[in-house]
Amino acid sequence: MKRLYSIVSLLTVFLSVVLFGSCRNQATEDAQMRAFVDKLMAQMTLEEKLGQLNLPVGGDIVTGEARSSHSAEAIRQGKVGGLFNLKGAAAIRDVQRIAVEQSRLGIPLLFGMDVIHGYETVFPLPLALSCSWDLQAIERSAQIAAREATADGICWTFSPMVDICHDGRWGRISEGSGEDPYLGSRIAEAMVKGYQGASLSDKETMMACVKHFALYGAVEAGREYNNVYPDDYHAFNEYMQPYKAAVDAGAGSVMAAFNTVHGVPSMGNKWLLTDLLREQWGFDGFVVSDYTSVRHMAENGVNFSLEDGAIQCLEAGLDMDMVSEGFVALANAVREGRCSRQAVDDACRRILEAKYKLGLFDDPYLYCDPTRREAVILCDEHRAEARRIAGECMVLLKNENELLPLQRKGTIALIGPLADARNNMAGTWSVAAVPGRYKTVKEGLEDALRGTGARLLYAKGSNLMYDARMEAIATIFGHEMRDSRSDAAMRQEALSIARKADIIIAAMGEASEMSGECASRVNLEMPDAQHDLLVELSNLGKPIVLVHFAGRPTVLNWETEHLPVILESWFSGSETGDAIADVLFGEVNPSGKLTVQLPRHVGQYPFSYRQMRTSRPNEGGEFAKYSTCYADVSSKPLYPFGYGLSYTHFAYSDFYLTDSVMPLDGSVEVHVTITNTGSRAGAEVVQLYIGDRQARGVRPYRELRGFERIELAAGESREVVFTLNAERMGYYEPADLKWTLEAGDIEVMVGANSRDTQMRLLHVL
Ligand code: NOJ
């Protein structure tokens, strides 16, 4: 015992020396950085300081033209702090050279980009990625994105997008991690870690930008750019946690949202950007506006002019102005005393510090190493990882009679407008994608079936939808796929190959630009032309596997009722073709679980599994007068949060708490054993929910507070243990919004999804 004690003490001393040492090192580095920036700022004119706050879009510059571009002159004059969405190390090096060699102080530029779910190697959409519940895989995807983007000149990404959303009408639900703030927080941390690594000045890491601060996912009626109205209690309990988690994980920058908070636009909201973000949360990076949003200050009537709006934003704590060119024009306002000089200095310092942390003052071309592209971008290793991860993100919603996995034999008919749609595979917001190098579903299946004797027939079968105008909107960024043949001719071709087949694979759903920015919709059912085709195919009486494409939760009532198999494939990125084949033929056993529940009707939105207790509860979801319900549709989801099938089965047993009573300052363990009862290996996401029955603020019936993704061989069992304490079970109480746990009964639930759980009661004293 004594020996153990001395080992523990030695370890403690060792750890303290290491930790203290690293704190001291950090303090020294910070002091060096401050001294460097002080010295630089002492040489800067007011105009040059304002120039650092200016972030124009670099999209107009291509290699070779950099020197004559519109931005070049501004860079020479020191009026630009960074550029974004300029692709290619050569172009970026050219532009950086102007800043470093031709501007008075030679301050390097930041180069940002929307690297949202991968670079040229594209990972599944963030919403899809979240369905893996695999934090290591998510971190790895961000790490690979950073490795590729930094090999092409980028040192700053506008990601992660951590906006929680309860509304499938909002197209940008595709860019976030779903509806749950606990899961969203863990994913936010993983993404920041993946992008930023251990050191920002490593040439393979880039700075993260957490967005959109704050509450953008709560846009009213799911309509893009609309206002948001959560009160503080709901804002903190439902939406704020992932932003804070990302900040706590060390994110170097934050993007202010377009929307208002407390009636004041986020980019000009001092409470949000200074009181909460910096003073309460201790954020020490910089805040950038969203695209042209400084200009919106005047447009939404809060200020009379661009100058007034810019002053309000700067003084509220916004540091960098994306595209509006409002900050860069503030010199007179500062000189005339209408804008605080201190605010300019603070913002300039934060941006210079970011450049310092990224290592740009040591080597402005750190991220422009021409030898890296070839070795790193879209390399075999990254593609293999993307394929593996894509397989983990697909959610098997239905698999009647275990029709999947398919055998590689007989005749398979592949039908649908998404089956051979190369430009659509990467999914929305993949700025750096090179679709020409990605396989389609058809090509993925062809490769998987090559040499097996199975025959694959293909027909497009329909356009996305009947209405050509709607289809043009759905393929707005040049991803046109409209067929000039008549609807009847396309359908006949599909029916004729389907008749020859033993099984039909229908690749249908949304095109990639039907989700993402400014893609709000109120009709979330299968688009009409595809629905009608599916009906006719199902009338043939052959088994149909629906491989569904979507960037959001959709309404799949008809499909659930009539089709034996539904695989939610979302948009799986550059490796979609292979990854879908992997799942269909059983190379990969699906393990994805929904991070947004799927509704029965769009009228249910806004809609979350985190249903708050109400004074008129309705457990079953069916109509019952004077309870919370609808008369014409169940209030339950079609598929619940956390749901997803596997090709194997898992049994939950031996669920117990180490104690049924917990003092407020104590802890209890939750134990549960999971057994793979099927005949093939598989992964299960074990989910822990709590339902706080007695709290000063109304709490949800159930809310996620733990999960673990485990892989089990056929027949294998594993015990999973969670620890519960006040920190883990707390909430922002309504009076002071302090993270708190109060005494009372708490339901502790474990299960394979948010609906199918077992419960034990915990008394907190
Ligand atoms: C607008 C979007 O809201 C934001 O997410 C994105 O990063 C910027 N545009 C820059 O492209």
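The values are calculated or read from the model by the stated rules, or taken from the named source; none is laboratory data. As the structure is a prediction and not an experimental result, all values here were calculated from the model. All Cβ positions, glycine included, derive from the backbone under ideal geometry; neighbour counts span all protein chains shown. The accessibility values were calculated without ligands, DNA or RNA, using every heavy atom of the protein model including side chains. Shrake-Rupley method; radii C 1.70, N 1.55, O 1.52, S 1.80 Å.
Any residue at all in the range 366-375 that is open to solvent by 10 Å² or more (accessible area, probe 1.4 Å), away from the ligand (no atom under 16 Å from the Cβ) and closer than 19 Å to Val37 by Cβ? Yes: the range 366-375 contains one or more residues that are open to solvent by 10 Å² or more (accessible area, probe 1.4 Å), away from the ligand (no atom under 16 Å from the Cβ) and closer than 19 Å to Val37 by Cβ. Here is the figure for the range 80-106: residues that are among the β-branched types (Val, Ile, Thr), closer than 22 Å to Glu47 by Cβ and buried (at least 23 other Cβ atoms within 10 Å of the Cβ) total 2.
Out of the residues in the range 223-255 that are away from the ligand (no atom under 16 Å from the Cβ) and open to solvent by less than 20 Å² (accessible area, probe 1.4 Å), state the one that is nearest to Leu358 (Cα to Cα). The selected residue is Val247.
What number of residues within the range 417-443 satisfy the criterion of being within 21 Å of Lys500 (Cα to Cα), touching a helix residue (DSSP H, G or I) at 6+ places or on another chain (Cβ under 6 Å) and assigned to a helix (DSSP H, G or I)? Total meeting the criteria: 2. In the condition set (1) open to solvent by less than 60 Å² (accessible area, probe 1.4 Å); (2) in contact (Cβ under 8 Å) with a residue 12 or more places away in the chain, Tyr630 is compliant with all but (1). Residues of the range 319-361 that are under 15 Å from Leu110 (Cβ atoms), assigned to a loop (DSSP other than H, G, I, E, B) and open to solvent by 10 Å² or more (accessible area, probe 1.4 Å): Val323, Phe361.
Does Val555 satisfy the condition of being at pLDDT 95 or above, more than 25 Å from Ala581 (Cα to Cα) and in contact with a Gly (Cβ under 9 Å, 6 or more places away or on another chain)? No, not satisfied. On the stretch given as the range 130-173, residues that are under 25 Å from Glu204 (Cα atoms), outside any loop (DSSP other than H, G, I, E, B) and not charged (D, E, K, R) total 16. Here Gly184 passes the criteria (1) crowded, with 24+ Cβ neighbours inside 10 Å; (2) away from the ligand (no atom under 16 Å from the Cβ); (3) in a loop (DSSP other than H, G, I, E, B) except the one numbered (3).
Filter the range 114-162 down to the residues that are polar (S, T, N, Q) and farther than 22 Å from Tyr291 by Cα, then identify the one that is surrounded by the fewest Cβ atoms within 10 Å (Cβ to Cβ). Give the derivation first.
Keep residues of the range 114-162 that are polar (S, T, N, Q), which gives 121, 130, 132, 136, 141, 143, 150, 157, 159.
Then drop every residue that is not farther than 22 Å from Tyr291 by Cα, which leaves 121, 130, 132, 136, 141, 143, 150.
Details: Thr121: 30, Ser130: 27, Ser132: 28, Gln136: 12, Ser141: 31, Gln143: 21, Thr150: 29.
Among residues in the range 114-162 that are polar (S, T, N, Q) and farther than 22 Å from Tyr291 by Cα, the one surrounded by the fewest Cβ atoms within 10 Å (Cβ to Cβ) is Gln136.
Among the residues of the range 733-765, the ones that are hydroxyl-bearing (Ser, Thr, Tyr), open to solvent by less than 30 Å² (accessible area, probe 1.4 Å) and outside any loop (DSSP other than H, G, I, E, B) come to 0 in all. Among the residues making up the range 167-178, a single one is surrounded by fewer than 24 Cβ atoms within 10 Å (Cβ to Cβ) and away from the ligand (no atom under 12 Å from the Cβ): Arg169. Against the list (1) touching a Leu at 6+ places or on another chain (Cβ under 6 Å); (2) within 16 Å of the ligand (Cβ to nearest atom), the condition Thr121 fails is (2).
Which of (1) within 30 Å of the chain's Cα centre (by Cα); (2) open to solvent by less than 30 Å² (accessible area, probe 1.4 Å) is the odd one out, the single condition Arg388 does not satisfy? All conditions are met except number (2). All of Leu396, Leu414 fail the test of being more than 20 Å from Ala454 (Cα to Cα), in a strand (DSSP E or B) and of a type in the set (A, V, I, L, M), apart from Leu396.
For every residue, the table says whether it meets (1) open to solvent by 10 Å² or more (accessible area, probe 1.4 Å); (2) over 26 Å from Val431 (Cβ atoms).
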{"position": "Ala507", "(1), (2)": "no, no"}
{"position": "Met514", "(1), (2)": "yes, no"}
{"position": "Val522", "(1), (2)": "yes, yes"}
{"position": "Met526", "(1), (2)": "yes, yes"}
{"position": "Asp532", "(1), (2)": "yes, yes"}
{"position": "Glu536", "(1), (2)": "yes, yes"}
{"position": "Asn539", "(1), (2)": "yes, yes"}
{"position": "Ile544", "(1), (2)": "no, yes"}
{"position": "Leu556", "(1), (2)": "no, yes"}
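Restricting the range 282-306 to residues that are open to solvent by 30 Å² or more (accessible area, probe 1.4 Å) and over 17 Å from Val264 (Cα atoms), the residue that is farthest from the ligand (Cβ to nearest atom) is Gly282.
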